[in-house]
Amino acid sequence: MAEDFSLGTVKVALSPLARLEEYLRSRGMRMTQQRRCLLDHVFSRHEHFDADSLIEQMPSSGREGHVSRPTVYRTLNEFVDAGLLRRFQLGGRSMYEHDYGYPQHDHLHCLECQKLIEFKSDELLELRSHVARENRFHVTGHRLIISGICEDCRRGQRRMRRRAGVG
């Protein structure tokens with residue numbers, strides 16, 4: 001029987017927009033059209049992304065909603081500082097994912113197709129707590145990325161070997 005690794009949700013008091021506005025106000029900054037456009041785009045879908053893929057998805061120069069490359073990088077940093085996004089390193093690139101209103105979770109990373117599979121494990125959290133207690137350590141969070149090859153890529157490798165007459 002397969003275990004349920006669905007992530008669920010975390011209740012938050014503010015929308016991502018209200019959270020960003022609160023963050024900007026606390027720093028004497030204003031909500032710009034570019035920040036709003038990026039926020040709407042990032043929170044209209046749930047996916048892991050890097051700055052370059054986000055830039056590719058945004059409208060091109062001269063069109064409404066266009067955001068320059070420097071503005072994307074600066075705004076992503078603001079989103080991280082505001083607690084809206086989480087940044088992590090994967091293959092030498094800064095990757096981003098939703099953080100605000102999203103539960104603690106970990107990832108399986110396919111080294112072939114670069115797919116990231118999210119999972120949540122109570123057993124892993126219990127182990128983390130146990131190790132922390134043994135070492136008198138206060139945990140504030142963790143990041144676990146397990147690398148390997150996903151089922152789709154393994155199947156593809158088996159098909160390629162069969163076609164080549166190997167195995």
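Table: residues versus (1) free of Cβ contacts under 8 Å to residues at least 12 places away in the same chain; (2) under 24 Å from VAL10 (Cα atoms).
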site	(1), (2)
SER53	yes, no
HIS66	yes, no
VAL72	no, no
ASN77	yes, yes
ALA82	no, yes
GLU97	no, yes
GLY101	no, yes
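Test ARG74 against the criterion of being modelled with pLDDT of 95 or more, touching an Asp or Glu at 6+ places or on another chain (Cβ under 9 Å) and either assigned to a loop (DSSP other than H, G, I, E, B) or surrounded by 11 or more Cβ atoms within 10 Å (Cβ to Cβ) (or both), and give yes or no.
no
Condition check: surrounded by 16 or more Cβ atoms within 10 Å (Cβ to Cβ) and either assigned to a loop (DSSP other than H, G, I, E, B) or among the aliphatic types (A, V, I, L, M) (or both). Does LEU20 satisfy that?
Considered against the rule, which asks whether it is surrounded by 16 or more Cβ atoms within 10 Å (Cβ to Cβ) and either assigned to a loop (DSSP other than H, G, I, E, B) or among the aliphatic types (A, V, I, L, M) (or both), LEU20 comes out as yes.
Among the numbered criteria (1) assigned to a loop (DSSP other than H, G, I, E, B); (2) surrounded by 15 or more Cβ atoms within 10 Å (Cβ to Cβ), which one does SER60 miss?
With respect to (1) assigned to a loop (DSSP other than H, G, I, E, B); (2) surrounded by 15 or more Cβ atoms within 10 Å (Cβ to Cβ), SER60 is out only on (2).
Please pick out the residue among LEU14, LEU20, LEU7 that is of a type in the set (A, V, I, L, M, F, W, C) and at pLDDT 95 or above.
Among LEU14, LEU20, LEU7, only LEU20 is of a type in the set (A, V, I, L, M, F, W, C) and at pLDDT 95 or above.
Only one of (1) modelled with pLDDT of 95 or more; (2) within 22 Å of ARG19 (Cβ to Cβ) fails for ARG133. Which number is that?
(2)
The values are calculated or read from the model by the stated rules, or taken from the named source; none is laboratory data. In this text, all values refer to a predicted model and were calculated from it rather than measured experimentally. Please note: Cβ atoms are built from the backbone with ideal geometry, for glycine as well, and neighbour counts cover all protein chains shown.
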